[in-house]
Amino acid sequence: MALDLHKLEHLVAVVEEGSFTRAAARLHLSQQALSTSIRALEREVGVDLLDRGGNALTVLPAGEALVADARVLHGVSRSAVLRARRIGRGQHETLRIGHTPAVTGDEITALLRRVHRQHPDLSPQVNQRYPGELTEQLLSGQLDLGLCRAMTPAHGLTRSTVTHQRLRLAVSCRHRLADRDSVEIGELAEESIMVWGHPGRSGYTDLLVDHCRRAGFEPRVHRNPIQGTPPVTAVLDTDHVAFVTAAAGPAANGHVSVLDLQPPLFAPLQALWSRHVTSSSRDAFLDTATD
């Protein structure tokens, strides 16, 4: 059975907007036409997708499942059209890469240099994206590859580990540890540790918390109020410390010291992509960049 992508788009709009009225305005349809489309989709599928009773619209489990698949299908169809158009016009494939703020520009540059040596014709386009944006744009076909740390792949995406990078500790140059070359992780039990995501809602934050717990203490974490800046800058003018992947030594024009952690700890750098989308450039990048 073939599903009408337009009807799926209508369902997604209703679910995202939470009402037929707002969804109809977004789609430039009459409310009656939208309601008729959703009814027709339910007949095609053979089950109810929405509960229209009561004061609020409720998405039924079947509707939730279909919306999740619809987002994947729309992304795949968009990517398929763009790929066919590019091939038909004889255009070179551009590898569109997004990365979360947890993956630094220096790390991206090092990966691209490694890949460029074997694939000099590869044409990457790199932009930073917050985790939610990264997932959305991978599913919609606006990105070919996402680089992240410990993000759980959404439905329709797959994940692999590209490499593991050593974690170090960033402290302000005025911090009591700033003159040290290294620090034992157990010494951080009394420190306030800067993180970028909420515990329980960020896979990377949870990974860092787990490192502390394995060292025998429950960390005191503080979420960085400034998002998207280089990780080493999170401790500027504060008494907090932060886990980073930068090289040991001075950073941020000498205002930050990066110390080795003992014993050595590592964080994964991972790739996310749509499992249903074909990309020779993405495959070449992953084959070369992965340790």
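Derivation of every value follows stated rules applied to the coordinates shown; laboratory data play no part. In this text the structure is predicted, and so the values were computed from the model without any measurement. Quick reminder, even Gly has a Cβ in these numbers, built from the backbone with ideal geometry, and neighbours come from all protein chains shown.
Is it possible to state the helix-based mean residue ellipticity at 222 nm for the chain, with each DSSP H run of 4+ residues giving -39500 (n - 2.57), the sum divided by total residues, to the nearest 500 deg cm²/dmol? What is it?
My calculation for the chain gives -12000 deg cm²/dmol from helical runs alone.
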For His74, His175, which order do you get if you count the other beta carbons within 10 Å of each Cβ and list the fewest first? His74, His175
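Could you work out the Rg to Rh ratio of region 5-86, with Rh taken as the Kirkwood radius (inverse of the mean 1/r over all Cα pairs)?
1.01
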As a test, work out the antiparallel percent of DSSP beta bridges whose residues both lie in the chain, rounded to the nearest 5. 60 percent
Can you list the residues, at least 5 places off or on another chain, whose amide H is less than 5 Å from the amide H of His222, using H built in the peptide plane? Ile193, Met194, Val195
Stretched out fully, how many nm does the piece from Phe217 to Gln142 gain, at 0.36 nm a residue minus the Cα gap? 22.8 nm
Starting with the fewest neighbours, write out Phe243, Phe217 ranked by other beta-carbon atoms found within 10 Å of each beta-carbon. Phe217, Phe243
Please sort 31-44, 227-240 by packing, taking for each peptide the average over its residues of neighbouring beta carbons within 10 angstrom, highest first. 227-240, 31-44
Simple spin-label model, 7 Å along Cα-to-Cβ: Thr238 to Thr21 in nm? 4.3 nm
Model label zone, Ser192; criterion: amide N under 13 Å from point 7 Å along Cα-to-beta-carbon; scope region 226-257: 235-242
Just one of (i) 63, 43, 42; (ii) 70, 53, 29; (iii) 60, 48, 29 is Cα extents along the principal axes in Å as worked out from the coordinates here. Which one is it? (ii)
Pair Arg201, Leu286: separation of 7 Å Cα→Cβ label points (nm): 3.0 nm
Efficiency by 1/(1 + (r/R0)^6): what FRET value for Glu64 and Asp179, r their Cβ-Cβ distance, R0 = 45 Å, to the nearest 0.05? 0.25
Residue-wise HN-Hα coupling along region 268-277, computed from phi with Karplus coefficients 6.51, -1.76, 1.60 (Hz; x: Gly, Pro): x, 9, 10, 10, 10, 7, 6, 5, 9, 10
